[in-house]
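Structure, as structure tokens:
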Amino acid sequence: MSLSPDEVRKVAELARLEISDAEVDTIARQLNAIVDYINQLQQVSTDGVEPLAHALDLHDVFREDLPGESLTEDEALANAPARKGNFYSVPAVFGD
Amino acid sequence: MLDLTATELLQRQANGDSSAESITQTFLAQFRQHDSRIRAFLHVDEADAIEQAKAIDAKRKGGESLGKLAGIPVAVKDVLCTKGRRTTCGSKILQNFVPPYDAHVITKLKEADAILIGKTNCDEFAMGSSTENSAYQTTRNPWDLERTPGGSSGGSAASVAASQAPLALGTDTGGSIRQPASLCGIVGMKPSYGRVSRFGLIAYGSSLDQVGPFAQDVRDAALLLEVIAGHDPRDSTCVNTPVPPYTAMLDEPIKPLTIGVAKQFFGKGLDSEVEQAVRSALKVYEGQGAKIKDISLPHSPYAVAVYYLVATAEASSNLARYDGVHFGHRTEKFAGLIDMVKKSRGEGFGAEVKRRIMLGTYALSSGYIDAYYLKALKVRRLIRQDFDQAFAQCDVVMGPTSPTAAFKIGEKADDPLAMYLSDIYTISANLAGICGISIPCGFTKSGLPIGLQILGGPFAEEKLLRVARLHERETDWHKRRPAL
Amino acid sequence: MMSYRTIIGLEVHVQLLTRTKLFCGCATTFGLPPNSATCAVCCGLPGTLPVMNRTAFQLALKAAVALNCTIATFTKWDRKNYYYPDLPKNYQISQYDLPFSSEGWLEIETPAGARKIGIIRAHLEEDAGKMLHDERAGKNDSLVDLNRTGTPLLEIVSHPDMETAEEAKAYLEELRLLLREIGVSDCEMQEGSLRCDANINLHVPQPDGSFVATPIIEVKNLNTFRGVERSLKYESERQAAELQRNLDAGVWHVDATRTSKFRDYRVSPITQRKSDGALGPVSKATAGWDERTGRTEIQRRKEEASDYCYFPEPDLVPVTVDADTLERVRAELGELPAAQKTRLQSQYGLPVYDAGVLSRQGRAFVAYFEAVVKQCGDAKEACNWTMNDLLSTLNDRKLDIKESSLSPENLGELISEIQATGLNKQRAREVYAVMLDGLTAKQAIDKLGFKVVADEGQLLELVRKAIAANPKAVADFKKGKVKAADAIKGFVMRETKGMAKTEMVQQLVMRELAKE
């Protein structure tokens, strides 16, 4: 399996990354080198093997339904790139 | 004073021979003198460090009880959140990010009365093995300024190697503590997954990331781990089991000791000088009565491939939040929301981060998730099973930390795959969730440090540290310092 | 007008009644000032981690058990990745391949009798924030409020088992009643704690006995019960017309080569020419319901399914549910509305309608009714008084049954008093009104000075007087107009200011008239 420039563009779209046309070929080449390497996994027999998403055998971790400290509006919005009143301000969605 | 370990610095303060302020001043002076060349630190607030030190001295004077790291400067990798202090992850996208909270490990350091001396450079979002991927600066190896300190915690490793701090914190997702420790000739340890809280550690690969110590010797590493380890209700993946006093039993050797040696850790690509140094280290253990046992970790050759699917898949999702909407960099010119997000991310992330986000997104996308992400998770289980079988036969597994000593800056910059392969021996520990440590075990003819990697089973930190300490007592590699 | 079957499935989101959010300690209170109930965790700030709210999981479990779902012994959470400004992490923590519950049912009342609506799954996930569109001064931007971000949501997906808009509404009402009764959610559609999307299409019979399926439309943002009913009625008629129009114009084609089985019959999909000239399926589309215009507006047809890149959430650990836990949850559920309705019919002999009205008012109301019965011993009268008088009083005063100033014991006593004294309905209502101030029936009757006239001699005298005074009524009665007796009774009532014992007057009037 290898990625075509069009697939690279599609993945970039899915990942919301702007990639210039000039970058597409380089990225495709680099990703394909990595994907080629990764394809060696297909040699490993994994019939009947359950995926291991987490090495830790831990379950049923909960917190109680007790109020914790919230941030003030100013603290919450302190890192916002754009703010309007006590809201985060974002450009309108178009082209969606 | 720069050559003293944290343990010795604590003793000097207790004896009244040094103050926290004088210690901090000494390390800051070293920073001022050398960091313009080494570039280990991203942010240092000298006045603030002195203030912290004065407060510790006042506490001591007032007869108050003091924490385990009272007056000891600790450098912190800039992926760990510090309340009210910029935390950038070495990325432009977080250039102005100021967290309103401390990472759990930072809280632990503060409670232990440590001095937070500064934030260290790293590969952007901890993605890299050379610290060249920082958006801000390239950190240099104190042993040879033409070479990298390794990565991604290269700033923390270099700061300790250059005696700019006696202790440092790094993070290890695929070897990012052990590999730079090896390349910088110091001790670096990755605890078992779940031993240290990840709260406030800016995520790269959530199922792999762990915070761990850098130190000049094993005792200091044990001391720092003792401080940061332990349960935190804010991290669901942090276990609620007691932390053994790692320093207490450190000098007690493990007897009998069986060391597993896997042929997969001595294969193609291993530098002969590195191999020789590691073999000599094994001899040291044999000399102390340890038994060497040949074992096999048949799936470890696939660890790099598994890692670059699992870590990047998690990263593609973890880094989705940097979109210029709620925090982080927002581009100036855009046409609508989607364009704003794409441009902000395009500008804010460096090439390696973009590459990994792309790879991870691809691995999770429909049509590929079975062949890539899920396949990788299955092989991950096989890797874990290999270790379970190994630790049924031996106490620890030993081998080289890195296939080569420090490589030159720029040497692998254009070949991502070659860079990835420099973590070939460290990655499987993260996938399996086990603990590992790198300790100095020799030097190349050209004077570059070589590290011995020791791996222990899940939550076998105490045993791992005692085994590491045994080698340290018999050798003096850890006492060498670079000529700056 | 073609005949067709309407196929409806509902996807319902309810907010769980927790004090705090699903993964952090922020408040879930509705209507707080913007961005005043957020923290580093629910804002998705770097380095923060989620920790599961125990109560949220317990409430979700309770709901799924009440919905007769199979509960998974092992469940995990997944990340659903998509970019939207109301989702600060740009992924939603939800459940994908191992939801904690699946395959349940909810019974609804239909004109044809009770029917079980199948439930595909119910899972626990986090809510997103709110977007407001700022159109002031031509500004083309949006505002984001993250207060709601991270609120625990239970998503309940039904099978496409509903066949009319009325059934969809009934399902939603039954679901709301159940979830309120067991304290899982307050289900306020106006506040968004109950939200509904509907998938709807038509199966139109063909001459050969098979059916053709119209493309599925997902109607979004249904935020009133009436809206659910109206929009689905409108949409089914719209789809029927669209099918006819597009088949006639040759735009749509019935693809009889790719049929699938639905219930006990076969269904063919619709195809149309795509940009490359080949025939392809018409994809599912979303539509918004416009309450004002009473129309659904098709928003977009999805060319391909969204790719959410689901994968297991590494920051959370799995949850297990053992048999003991399930047993405990079942025991704590108590009597559910459907079972209660059946019991009210069998135990008290109530008609199905009355039992339905009572159980729809909730457990507390039914408990009140039962306490009234216990006091007075007359279920029929207890039902009449609670269902009619008490319910309208509570509605007028916007009170909950628990806030009623009239105790069930007092109401029961009133009913007994009526039976004992023969107080007529009109006077009894006056007594009831006074009792709302907290008085017992006897106190209220004393206060009003009501004294029932039950002396036979006294009443007989009045009846005779009435007969003498109303010769026309007597004449009419004799001609067979039974109603004419009312004038005689009315005379007696007027003479006693309504305090004559009704049954006694009735008897005496009939006896005396018969003598005439």
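The values are calculated or read from the model by the stated rules, or taken from the named source; none is laboratory data. This structure is a prediction, so every number in the text was calculated from the model and none was measured. With ideal geometry, Cβ positions are generated from the backbone for all residues, glycine too; neighbour counts draw on all protein chains shown. The area values use the complete protein model at the heavy-atom level, side chains included, leaving out ligands, DNA and RNA. Shrake-Rupley method; radii C 1.70, N 1.55, O 1.52, S 1.80 Å.
Numerical summary
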{"quantity": "Given (1) crowded, with 20+ Cβ neighbours inside 10 Å; (2) within 8 Å of chain A (Cβ to nearest Cβ); (3) of a type outside the set (A, V, I, L, M, F, W, C), number of the condition B:G399 does not satisfy", "calculated": "(2)"}
{"quantity": "Subset tally (residues that are open to solvent by less than 10 Å² (accessible area, probe 1.4 Å) and closer than 22 Å to B:A215 by Cβ) for segment B:91-111", "calculated": "4"}
{"quantity": "So B:D78, is it under 22 Å from B:D232 (Cβ atoms), of a type in the set (D, E, K, R), in contact with a Cys (Cβ under 7 Å, 6 or more places away or on another chain) and crowded, with 24+ Cβ neighbours inside 10 Å", "calculated": "yes"}
{"quantity": "A:V49 vs. criteria assigned to a loop (DSSP other than H, G, I, E, B) and under 30 Å from C:A37 (Cα atoms)", "calculated": "no"}
{"quantity": "Condition met for B:I295 (more than 8 Å from chain A (Cβ to nearest Cβ) and open to solvent by 10 Å² or more (accessible area, probe 1.4 Å))", "calculated": "yes"}
{"quantity": "Matching helices (runs of 4 or more DSSP H) fully within segment C:331-407 where at least 2 residues are under 22 Å from C:A441 (Cα atoms) and among the hydrophobic types (A, V, I, L, M, F, W, C)", "calculated": "C:363-376, C:379-384, C:391-397"}
{"quantity": "Candidate set: segment C:192-217, residues that are of a type in the set (D, E, K, R) and at pLDDT 95 or above; chosen: the one nearest to C:G31 (Cα to Cα)", "calculated": "C:R195"}
{"quantity": "Hits in segment C:389-422 (condition: under 18 Å from C:G362 (Cβ atoms), open to solvent by 80 Å² or more (accessible area, probe 1.4 Å) and not acidic (D, E))", "calculated": "C:N395, C:R397, C:K398, C:K402"}
{"quantity": "Condition met for C:S102 (within 12 Å of chain B (Cβ to nearest Cβ), in a strand (DSSP E or B) and in contact (Cβ under 8 Å) with a residue 24 or more places away in the chain)", "calculated": "no"}
{"quantity": "Hits in segment B:220-241 - residues which are in contact with a Phe, Trp or Tyr (Cβ under 6 Å, 6 or more places away or on another chain), more than 14 Å from chain A (Cβ to nearest Cβ) and either surrounded by fewer than 23 Cβ atoms within 10 Å (Cβ to Cβ) or farther than 23 Å from B:A75 by Cβ (or both)", "calculated": "B:E226"}
{"quantity": "Qualifying positions in segment C:493-512 - more than 48 Å from the chain's Cα centre (by Cα) and either under 13 Å from C:V453 (Cα atoms) or aliphatic (A, V, I, L, M) (or both)", "calculated": "C:E495, C:L508, C:V509, C:M510"}
{"quantity": "Residues that are open to solvent by 30 Å² or more (accessible area, probe 1.4 Å) and not aromatic (F, W, Y), drawn from segment C:225-244", "calculated": "C:R226, C:E229, C:R230, C:K233, C:E237, C:R238, C:A241, C:Q244"}
{"quantity": "Any hit, segment B:339-351, residues being under 26 Å from the mean Cα position of the chain (by Cα) and either open to solvent by 20 Å² or more (accessible area, probe 1.4 Å) or assigned by TED's automatic domain parsing to the domain that holds B:G128 (or both)", "calculated": "yes"}
{"quantity": "Subset of segment C:275-316 (residues that are surrounded by 12 or more Cβ atoms within 10 Å (Cβ to Cβ), touching a residue at least 60 places away in the same chain (Cβ under 8 Å) and within 14 Å of chain B (Cβ to nearest Cβ))", "calculated": "C:Y308, C:C309, C:Y310, C:F311, C:P312, C:E313, C:D315, C:L316"}
{"quantity": "Residues that are of a type in the set (G, A, S), closer than 22 Å to B:S197 by Cβ and under 17 Å from the mean Cα position of the chain (by Cα), drawn from segment B:444-484", "calculated": "B:G456"}
{"quantity": "Residue among B:V243, B:V227, B:V239, B:V306 that alone is assigned by TED's automatic domain parsing to the domain that holds B:P213 and either of a type in the set (D, E) or in contact with a Lys or Arg (Cβ under 6 Å, 6 or more places away or on another chain) (or both)", "calculated": "B:V227"}
{"quantity": "Pairs where the first residue, in segment C:48-77, is within 12 Å of chain A (Cβ to nearest Cβ) and the second is aromatic (F, W, Y) and surrounded by fewer than 20 Cβ atoms within 10 Å (Cβ to Cβ), C-beta under 8 Å, 6+ apart", "calculated": "C:V51/A:F62; C:M52/A:F62; C:N53/A:F62; C:R54/A:F62; C:F57/A:F62"}
{"quantity": "Residues that are in contact with a His (Cβ under 7 Å, 6 or more places away or on another chain) and hydroxyl-bearing (S, T, Y), drawn from segment B:190-220", "calculated": "B:S197, B:S207"}
{"quantity": "Number of the condition not met by C:L22 [criteria: (1) in contact (Cβ under 8 Å) with a residue 12 or more places away in the chain; (2) over 31 Å from the mean Cα position of the chain (by Cα)]", "calculated": "(2)"}
{"quantity": "Condition met for C:A241 (of a type in the set (G, A, S), touching a Pro at 6+ places or on another chain (Cβ under 9 Å) and within 24 Å of C:T164 (Cα to Cα))", "calculated": "no"}
{"quantity": "Residue match in segment C:151-164 (condition: within 14 Å of another protein chain (Cβ to nearest Cβ), part of a strand (DSSP E or B) and either closer than 30 Å to A:V90 by Cβ or at pLDDT 95 or above (or both))", "calculated": "yes"}
{"quantity": "Every residue from segment B:357-370 that is at the interface with chain A (Cβ under 7 Å from one of its Cβ atoms) and either over 27 Å from the mean Cα position of the chain (by Cα) or within 18 Å of C:A305 (Cα to Cα) (or both)", "calculated": "B:T361, B:Y362, B:S365"}
{"quantity": "Where a residue in segment A:71-86 is hydroxyl-bearing (S, T, Y) and modelled with pLDDT of 95 or more and its partner, wherever it lies, is assigned to a helix (DSSP H, G or I) and open to solvent by 30 Å² or more (accessible area, probe 1.4 Å), with Cβ under 7 Å and at least six apart", "calculated": "none"}
{"quantity": "Set C:G129, C:G150, C:G104: member being in contact with a Lys or Arg (Cβ under 7 Å, 6 or more places away or on another chain), surrounded by 23 or more Cβ atoms within 10 Å (Cβ to Cβ) and on the phi < 0 side of the Ramachandran plot", "calculated": "C:G129"}
{"quantity": "Residue in segment A:57-86 that is surrounded by the fewest Cβ atoms within 10 Å (Cβ to Cβ), counting only those that are within 7 Å of chain C (Cβ to nearest Cβ) and of a type in the set (A, V, I, L, M, F, W, C)", "calculated": "A:L66"}
{"quantity": "The one condition in (1) assigned to a loop (DSSP other than H, G, I, E, B); (2) in contact with a Ser or Thr (Cβ under 7 Å, 6 or more places away or on another chain); (3) within 14 Å of chain C (Cβ to nearest Cβ) that B:G151 fails to fulfil", "calculated": "(3)"}
{"quantity": "Evaluation of B:M249 against (1) closer than 12 Å to B:R469 by Cβ; (2) in contact with a strand residue (DSSP E or B) (Cβ under 9 Å, 6 or more places away or on another chain); (3) among the aliphatic types (A, V, I, L, M) (one fails), failing number", "calculated": "(2)"}
